[in-house]
């Protein structure tokens, strides 16, 4: 019951459920041994923000013997503060995970964080999305959806959605370190190190929502099966993953599609994006060159 409330649209309900789950989480950690971590490794649902965090969360909930205690780790502090956390703070939080725990996160790829993920035997999944769609999603989210976020007043002050998109692309680097919101290319690069690692299953949101979904879910199930000492049925896990996707359970869901930026970007947005994120699009396979 409490785990279901973690997906509630009311933020106070979600936070209350997470607070209540701290007691069983502490008990589970106190009773855990090395064999428990080997048989029921914790799972990390990591994402570049606005890239399908809840889709990945729902898919990974289908893994066997998993439990969500409401932990959400981020390299940025709470939405009320929105400052950059240290690598050591992120690492310390990761090391408290218990066997079978599903931990959601927005974690930068940094040395101490990566070492803590390995040491705690996490099975690590990372989802990322075309940064142009991320910019569009952030413009909507910070401007009209999350009115409690520290960035809301800056986006709400934008005179139009077009101006809000420009803000999402260029960021607010002049406010660092009070608020850490650099240009979108720099924001993406903080996470990009997870892509291409053998110990991370990195997947594009556009692929996971395409006709390739079934193939990718089978690969995700196999990735988990290879990292647990328990006898698991990867095919059955993949089937369960396919049946667990429900966009209505996401409190931040808006459209959940790819390529929406094409209908919203002006020539000015394209120019700004090429300035701040053009190399990223080519490097990570979103475009073949800068002529788009």
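Counting only alpha carbon atoms, the long axis of helix 22-31 and the longest principal axis of the chain meet at about 50°.
Please give the peptides 142-153, 160-171 ranked by average Cβ packing (other Cβ atoms within 10 Å per residue), highest first, as a rough proxy for protection. Please report the intermediate quantities before stating the final value.
On the way: 142-153: 16.3, 160-171: 20.1.
Listed from highest to lowest mean packing, they are 160-171, 142-153.
Rounded to the nearest 500, what is the 222 nm mean residue ellipticity of the chain from helices alone, with -39500 (n - 2.57) per DSSP H run of 4+ residues and division by all residues?
Values: 16 runs with 137 residues, N = 292.
Taken over the chain, the calculation gives -13000 deg cm²/dmol.
The angle between the Cα long axis of helix 11-20 and the main principal axis of the chain comes to about 30°, on a 0 to 90 degree scale. Modelled this way, with points 7 Å down the Cα-to-C-beta line, the labels at residue 35 and residue 271 are 6.7 nm from one another. Between the helical axis of 131-140 and the longest alpha-carbon principal axis of the chain there is an angle of about 80 degrees.
Note on percent of Cα pairs over 36 Å apart: of the candidates [x] 14; [y] 26; [z] 17, the value calculated from this structure sits at [x]. When DSSP beta bridges are restricted to pairs lying wholly in the chain, around 5% turn out antiparallel.
All of the numbers you see were taken from the coordinates with simple rules; none came from a lab. Since the structure is predicted, the reported quantities are computational estimates derived from the model, not experimental observations. Don't worry about glycine lacking a Cβ; one is built from the backbone with ideal geometry, like all the others, and counts go over all protein chains shown.
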